[in-house]
Amino acid sequence: MSLTNIVESPKPGETIFSPELAARFDKLVTLYPRRRSALIPMLLYAQDEIGYVSDAAIAEIGQRLDITVLDVRNVLTYYSMLRTKPIGKYNVQVCTNISCMLRGGKELFHHCEKRLGIGHKQTTPDGMFSLEEVECIGACSWAPAVQVNYDFHDELTPESLDEVLQQYRSKAGQ
Amino acid sequence: MADVTLTVDGKTITAPAGTLLIEACRKVGIEIPAFCYYPGLSLQAACRMCLVRIEKIPKLQTACTTPIAEGMIVATETDEIKQARKAMLELVLANHPLDCPVCDAGGECELQDMTFKYGAGGSQFVEIKNHRDEQQWSPVVFFDRPRCILCYRCVRVCNEGMDVAALGIQQRNAGSVIAPNDQTSLDCEQCGMCIDICPVGALTSDTYRYKTRPWEMTHVGTICTHCGDGCKTTLGVRRSDDGMQIVRGDNRDKSGLNGEFLCVKGRYAFDFANNTERLTQPLVRQPNGEFAPVSWEDAIQVVAQKFRAARDERGGSGIGVIGSTRITNEEAYLLQKTARSAFGTNNIDHHRTTDYVRFTRALAGQDHRMAGISDSISAPAIFVLGNDPTEQHPLLAWNLRTNVRHNSARVYLANHREIKLRHQAKPFVQISGNSYGKFVNFLGGASEPFGEDAAAIRDALRNEPNLLIIFGSELRGDAIDAMVKFGLSLPDAKFACLGDYVNSRGAADMGLYPDLLPGYQPVDGESTVRTEYGSRFPRQAGLDMGQMFEAASRNELAALYVVGDDPVERLGVSAQALRNTFVVVQDMFMTATAKLADVILPTANLYEKSGTVTNTFGDLQQVKKAADRAGVRSDLELIVRIADTMGEDVRTLVPFGKGVRADMGQSRGAQSGEADRHGIWLAAHDLEPKLSPFDPNAILDEIQRLVPGYDFDRIDLLAGNSQHVEPDGSGLVQISQTASRPDGVIPSGDTLFTSGTLGRYSEKLNEVEVFQAKKSMATAG
Amino acid sequence: MPRLVSHPEEVKVVSRRFGQGATDIERYIELDGYKAVRQALEQGPDWIIAQMKASNLRGRGGAGFPTGMKWSFVPKQSEKPKYVLVNGDESEPGTCKDHLIFLHDPHSVIEGTIIAGLAIGAKLGFIYLRGEYRYLLKIMEKAIADAYAKGFLGKGIFGSNFDFDIVSQTGAGAYEVGEESALMESLEGKRGIPRIKPPFPAVVGLYGGPTVINNAETIASVSHILNMGPEAYANLGSPRNGGTRLFCISGHAERNGVYELPMGYNLKKMIYEVAGGIRGGRQLKAVVPGGSSTPVLLASEIDIGMDFDQVGKAGSMLGSGGVVVLDDTVCMVEFALRTIQFYQHESCGWCIPCREGTDWLKKTLTRFHAGGGEAKDIDNIRYLAENMLGRTFCPLGDAAAMPTIAFVKKFRQEFEDHLNGKPCAYGRSPESQTLAPALVEVS
């Protein structure tokens, strides 16, 4: 029990988001018959920009939609792609569900563990990669599949996955 | 709605169309188990305990979401259903800790009961249970997550019932969890409804948690001592070193005018009774200025002697009497009667928090115009002017919310603050704090610049038949008359006037006024009381509270008898003013007034005595003795003893015995508590021999006989029902004073977390107040 | 980029524009795009619904409810606005067909949505993609923008006096949201918890208004049905199972991929001819015919036509068209565990039997596969699953229970082989169960 959890809501007109995202949010809420419908997209876009859904983002989104912070959290914690803690620049999500498992998904995951030196939901010390074992990502006929952030990589082998990881490393280096 | 007929377990049953199957079954004694289903709250279909077989439907159906239909054939007790229930319980118990021996809910747990009735003795589950440590969410609320079975009752009662929405559901799958709104703590009204409604021991209260086992308590249904709503509360009491101690307050049996509702005060603020600062010995000021403990006999002797001397030397006008808004009707009645007949004075008053006198006069001669609190849960339209029911009348607020939710009642609101009830109000008009009178005139047709919303309210109100008008102490004087006049212009409007304490209305009805006898009858005219007592009651109006202290400072008040009030604190009376007045205080604590007293008589509180109280809506209810404290006496006993010692004829004062020799209580032990407990036993057996002058029923007889509007059905009262009293309809109210009569109203200004002087001695209430104040500061910060 | 496959046995209807550059609106129009919707505008709602009924099109999401009938349930008059909601929350393991539709033919979804809107009298449609399909949302959003630019969406579409708007969005990771009422909750910005039914969405749906919810493949089929005529479409399939279906072959087939085949196409032929048999010439052990929630079929049980009725008769379900092929290297205990891990993870947690049942099953199977099993566990697993079946708030509980029962029933010997601390005969190590600790992570 503590009294320190209250995050100040931004004052009207102020935003913690970039002007582009704030403008996008302004538009988004008008697309639906009820503003609240924009909640899940907003949480995703906020996460894309900040890296996770921060307390401040929760407060501002709640305010934009005229719902309580509790309400935002209730929804946020339900969805497995949303997170409230920062992770690495590239989130390597290895599917090990049945179709991928049959094609070596689990081995691929263990390969990543070894290569990156981290386990499930961990981040490399340099903040480059996070690793996550995920449920089916809808690439079953092209298994085993991995998603890095939002990008799909299909029909992987440990070797081709190494190349993929290397590509991201180089991309980050640029 | 039309009735439909269906067959359940071979039995033909008929119920109105639209009735849920689970309810239709319950009404004919077929119990279908459920955790998540809760009457009055939204449907969940989550616990799957109420699955039944309905013919022609392939899957089992939830009885809690299925409306009955004509010709439906239902089975509720087949092997298939028994197995489904058993399996459901096995599944719940998979992750539910079996710490029943230490769990607060043990013995009162719906999961235990259901497992006993429908479950299996063994479990197939051998895996490790998911565990999380217990969390404290507020000074009163604890959450033991593994015990939670996710029935969502707490979430719904907070959201739908309380309109607070402080609880949510977070995560998903087996990780689903009830979560408080401030991440690790609760920012809410701290009502404890979530704890109360929890079917298991997942939510527990700090006041009760790990204190006792349910079967060690005795449960006594009595009336909450705090606000003017008069909720019934069931106190769980347990024997302690010095009496019977209250360990819990709730109203799980849902009886009484509040159903299951209790607010933070009703649920937790009984702890003042256990406060270590409580006085338990009579104290008499010694020549050296210090208090010294003395025996009851000595203390009463001193008081009686001084009162008698004051009366004999100075006449009745030399004595002042101040009563309380937290004593019983019987005590208030007896106090004014003693003052008038034994002391010979009309110098009687109490802390007035609203003007019942003006209200009653405005309604004089009208029949059935005073609303009971139950009207607030059923009236199709309610107009609330002033007051903040959420803070000051939590039951009223609960009723209004429920009424809106269940019956789509229309709530009209005008207030000078943005009170929370505006969520339910359509529309809400904010007016300035000093324009209530003008607003009422505006409603009556006067042109005032209140704007369009106000005009909309006025026009809507004019078209409301059966309007319930409720107003707070913001309305004074002529505005009350105008409000009532406006209401009377509508068909079948009813009224309620909001006073602040449990027996504010009773104190007023019982005539704790210098100018009015019980039932608002004038001291100087004809009345039921006058007919009975004739010249024994003085005809000259006495001094009101302020005048008494003024008289004291002029050395014109020889004695002051304060029963359960703290006027010195409230009015800022100086010690100097009372230096030549003999002051007797009956109280639980060393209040500011008690500090200036010459004799202090430690008293029992409302939870420690029997009698009746009348809430601000005029609902009279029985108060039953639950707790007991060695070393204290009820105000009733003390008044009688003082009068007796003064040489008064106690039989006249308290018409007890009726020819039977009474025992004055002694044969039932030294403590008044024991005498009272005997009284409870008698009452419980519908016996009223009135053998003792300390028997409140003896006075209640006289109240019923002489106080207009109080001629209710005693048997019905003893059966546990509230009685609506309406002195206005008696035709006896003859308040003749002009509008210039000062109303003497000082609103308490209490919030949800304060309760006058009494509240200051509730540690839990203070803790909650500080906790919530910090939350408010953080939010504002 | 997902690999496209082709086989002479295929009958390409929904997939006919795959790989044809049809994300470009001009190209889509060239390939007979936005023709059906013009005809629909001319003919009106009753005609559209009659066409849909005649086509015998059944929902491609899994339940197989006749689409025309679903549309006809929407009341003609409604005080509240009506909506079309396209369910692209494709999340059933083994299923990746909508993935290709969004990737290659987004306009077919838009066109189908407009036609559905015309049929029921809706002015607003939503296309909801699963959260993982963010790159497909971009394609979808572009297609929608192009359609607006052409006047195919917005005020007075195609020069008519009919207005229609489409909003597309993704979810954020939740299988349960594929259940239609949970989908509506999610679209309204809430937790993906199903609603109590009745009322059904056709009467009380999104924002309380009547709503038609269709799977993306179903919606993508609509324009083709109108273009080719409902009878011609119906005749492609088997009785009461009109048209073709995208079958997603995954697992141990030689040529995995998404193939469009007529409804009722023989499963054995599908695996051995279309998908080229079992990889490396191994033996077929079992087939999960319609996504992970459908009961497994033994190799000896696959000589059946793939339509809702025939697969149902064989004791399983056609489901979402995800055909998962298992060869003789698969440990069925591990497979059962991985299946239940998924349902445990995805259970919304609302009702007791699903929340607790999946958790319990996962714990037991984890211990069991790791070598800690006891003989009574086998019956217990079945007992648990059977006591979830048909008693949960939504079909997710059944989706977890049905395959579990089938695994234990059909492969009991393999479960028994795991007893007494015996190592997995297939060499699958218990360490491979990495999901177990992570997924109980709770705040």
### Summary
Expected single match for out of contact with any strand residue (DSSP E or B) (no Cβ under 6 Å at 6 or more places or on another chain), modelled with pLDDT under 95, under 24 Å from B:Thr353 (Cβ atoms) and small (Gly, Ala, Ser) among B:Ser776, B:Ser740 is B:Ser740
### Query
Any chance region C:178-195 includes a residue that's more than 10 Å from chain A (Cβ to nearest Cβ) and without any contact (Cβ under 8 Å) to a residue 24 or more places away in the chain?
yes
### Message
If I ask for residues that are more than 9 Å from chain C (Cβ to nearest Cβ) and surrounded by fewer than 20 Cβ atoms within 10 Å (Cβ to Cβ), which ones from region A:63-72 would you list?
### Response
A:Gln63, A:Asp66, A:Thr68
### Task
Scan region C:392-416 for residues that are of a type in the set (Val, Ile, Thr) and either free of Cβ contacts under 8 Å to residues at least 40 places away in the same chain or in a helix (DSSP H, G or I) (or both) and jot them down.
C:Thr404, C:Ile405, C:Val408
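Answer yes if at least one residue in region A:89-97 is more than 28 Å from C:Val296 (Cα to Cα) and either within 14 Å of chain C (Cβ to nearest Cβ) or without any contact (Cβ under 8 Å) to a residue 12 or more places away in the chain (or both), and no otherwise. Break it down into steps so the answer makes sense when it comes.
The initial filter retains those residues of region A:89-97 that are more than 28 Å from C:Val296 (Cα to Cα), namely A:89-92.
Now drop any that are not either within 14 Å of chain C (Cβ to nearest Cβ) or without any contact (Cβ under 8 Å) to a residue 12 or more places away in the chain (or both), which leaves A:91-92.
Within region A:89-97 (the criterion being more than 28 Å from C:Val296 (Cα to Cα) and either within 14 Å of chain C (Cβ to nearest Cβ) or without any contact (Cβ under 8 Å) to a residue 12 or more places away in the chain (or both)), the answer is yes, since at least one residue qualifies.
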## Note on the structure
Checked B:Thr12, B:Thr7 against criteria (assigned to a strand (DSSP E or B) and loosely packed, with under 13 Cβ neighbours inside 10 Å); the one match is B:Thr12
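Quick check on this structure: which one of B:Ser527, B:Ser553, B:Ser574 is farther than 24 Å from B:Thr280 by Cα and crowded, with 24+ Cβ neighbours inside 10 Å? Lay out the reasoning, then the answer.
Values: B:Ser553 fails: crowded, with 24+ Cβ neighbours inside 10 Å; B:Ser574 fails: crowded, with 24+ Cβ neighbours inside 10 Å.
After ruling out the rest, the residue left standing is B:Ser527.
Okay, residues lined up against (1) among the hydroxyl-bearing types (Ser, Thr, Tyr); (2) away from chain C (no Cβ under 12 Å):
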{"residue": "B:Cys100", "(1), (2)": "no, yes"}
{"residue": "B:Asp104", "(1), (2)": "no, yes"}
{"residue": "B:Glu108", "(1), (2)": "no, yes"}
{"residue": "B:Thr115", "(1), (2)": "yes, yes"}
{"residue": "B:Ala120", "(1), (2)": "no, no"}
{"residue": "B:Val126", "(1), (2)": "no, no"}
{"residue": "B:Lys129", "(1), (2)": "no, no"}
{"residue": "B:Asp133", "(1), (2)": "no, yes"}
{"residue": "B:Trp137", "(1), (2)": "no, yes"}
### Message
If C:Cys394 meets every condition in (1) closer than 22 Å to B:Ala34 by Cα; (2) buried (at least 24 other Cβ atoms within 10 Å of the Cβ); (3) facing another protein chain (nearest Cβ under 10 Å) apart from one, which number is that one?
### Response
(2)
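Anything in region C:28-65 that is in a helix (DSSP H, G or I) and aromatic (Phe, Trp, Tyr)? List them, or say none.
Those that are in a helix (DSSP H, G or I) and aromatic (Phe, Trp, Tyr): C:Tyr28, C:Trp47.
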### Query
Any idea how many residues of region B:495-517 are aromatic (Phe, Trp, Tyr) and not in a strand (DSSP E or B)?
1
## Note on the structure
Among the residues of region C:11-60, the number that are within 14 Å of chain A (Cβ to nearest Cβ) and more than 17 Å from C:Gly242 (Cβ to Cβ) is 1
### Task
Give just the number: which of (1) farther than 22 Å from C:Gly209 by Cα; (2) free of Cβ contacts under 8 Å to residues at least 40 places away in the same chain does C:Lys155 not satisfy?
(1)
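State all residues of region B:60-85 that are closer than 14 Å to C:Leu389 by Cα and either among the charged types (D, E, K, R) or assigned to a helix (DSSP H, G or I) (or both); if no residue qualifies, say none. Working first, answer last.
Looking only at region B:60-85, we keep the residues that are closer than 14 Å to C:Leu389 by Cα, and these are B:60-61, B:80-81, B:83-85.
Selection gives B:Glu80, B:Ile81, B:Gln83, B:Ala84, B:Arg85.
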#### Entry: B:Leu60 vs. criteria over 37 Å from the mean Cα position of the chain (by Cα), at the interface with chain C (Cβ under 9 Å from one of its Cβ atoms) and not hydroxyl-bearing (Ser, Thr, Tyr)
yes
#### Entry: The one condition in (1) under 30 Å from C:Leu261 (Cβ atoms); (2) at pLDDT 95 or above; (3) surrounded by fewer than 24 Cβ atoms within 10 Å (Cβ to Cβ) that C:Lys190 fails to fulfil
(1)
## Note on the structure
If you go through C:Asp327, C:Asp307, the only one that is touching a Leu at 6+ places or on another chain (Cβ under 7 Å), away from chain B (no Cβ under 14 Å) and under 20 Å from C:Thr218 (Cα atoms) is C:Asp307
### Task
Go through (1) away from chain A (no Cβ under 12 Å); (2) under 30 Å from C:His345 (Cα atoms); (3) among the hydroxyl-bearing types (Ser, Thr, Tyr) and name the single condition C:Ser108 misses.
(2)
### Summary
Note on region A:126-163: residues among the hydrophobic types (A, V, I, L, M, F, W, C) and away from chain C (no Cβ under 14 Å) are A:Met128, A:Phe129, A:Leu161
#### Entry: Condition broken by B:Gly40, with the remaining ones in (1) crowded, with 17+ Cβ neighbours inside 10 Å; (2) under 32 Å from the mean Cα position of the chain (by Cα) satisfied
(1)
### Query
In region B:191-230, how many are within 29 Å of B:Gln135 (Cβ to Cβ), in contact (Cβ under 8 Å) with a residue 40 or more places away in the chain and of a type outside the set (D, E, K, R)?
21
### Query
Out of the residues in region C:359-369 that are within 7 Å of chain B (Cβ to nearest Cβ) and buried (at least 24 other Cβ atoms within 10 Å of the Cβ), which is farthest from B:Leu150 (Cα to Cα)?
C:Thr364
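B:Gly106 - would you say it is assigned to a loop (DSSP other than H, G, I, E, B), touching a residue at least 12 places away in the same chain (Cβ under 8 Å), small (Gly, Ala, Ser) and loosely packed, with under 13 Cβ neighbours inside 10 Å?
Working: assigned to a loop (DSSP other than H, G, I, E, B): yes; touching a residue at least 12 places away in the same chain (Cβ under 8 Å): yes; small (Gly, Ala, Ser): yes; loosely packed, with under 13 Cβ neighbours inside 10 Å: no.
No; evaluated as a whole, the condition is false for this residue.
For the condition touching a Lys or Arg at 6+ places or on another chain (Cβ under 7 Å), modelled with pLDDT under 55 and either crowded, with 24+ Cβ neighbours inside 10 Å or closer than 30 Å to B:Ser376 by Cα (or both), what is the one hit in B:Ala675, B:Ala604? Before you say what the answer is, go through the steps one by one.
On the way: B:Ala604 fails: modelled with pLDDT under 55.
Of the residues listed, the single one that is touching a Lys or Arg at 6+ places or on another chain (Cβ under 7 Å), modelled with pLDDT under 55 and either crowded, with 24+ Cβ neighbours inside 10 Å or closer than 30 Å to B:Ser376 by Cα (or both) is B:Ala675.
Report, by residue number, each residue of region C:370-391 that is of a type outside the set (Val, Ile, Thr), over 20 Å from B:Arg48 (Cα atoms), in a helix (DSSP H, G or I) and within 14 Å of another protein chain (Cβ to nearest Cβ). Reasoning before the result, please.
Step one: filter region C:370-391 for residues of a type outside the set (Val, Ile, Thr), giving C:370-377, C:379-380, C:382-391.
Those left that are additionally over 20 Å from B:Arg48 (Cα atoms): C:370-377, C:379-380.
Still in the list and also in a helix (DSSP H, G or I): C:370-372, C:375-377, C:379-380.
Hits for region C:370-391 are C:Ala370, C:Gly372, C:Ala375, C:Lys376, C:Asp377, C:Asp379, C:Asn380.
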### Message
crowded, with 21+ Cβ neighbours inside 10 Å, of a type in the set (Val, Ile, Thr), more than 7 Å from chain B (Cβ to nearest Cβ) and within 27 Å of B:Cys50 (Cβ to Cβ): is that true of C:Ile352 in this structure?
### Response
no
### Message
I'm trying to understand the selection: among the residues of region B:418-452, which are in contact with a strand residue (DSSP E or B) (Cβ under 6 Å, 6 or more places away or on another chain) and either exposed (fewer than 14 other Cβ atoms within 10 Å of the Cβ) or among the basic types (Lys, Arg) (or both)?
### Response
B:Arg422
### Message
Checking C:Ala286 against (1) surrounded by fewer than 24 Cβ atoms within 10 Å (Cβ to Cβ); (2) over 29 Å from C:Asp105 (Cα atoms); (3) within 13 Å of chain A (Cβ to nearest Cβ): exactly one of these is not met. Which one?
### Response
(1)
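The values are calculated or read from the model by the stated rules, or taken from the named source; none is laboratory data. Here the structure is a predicted model, which means the values were calculated and not measured. Cβ sites come from the backbone with ideal geometry, for glycine too, and all protein chains shown count toward neighbours.
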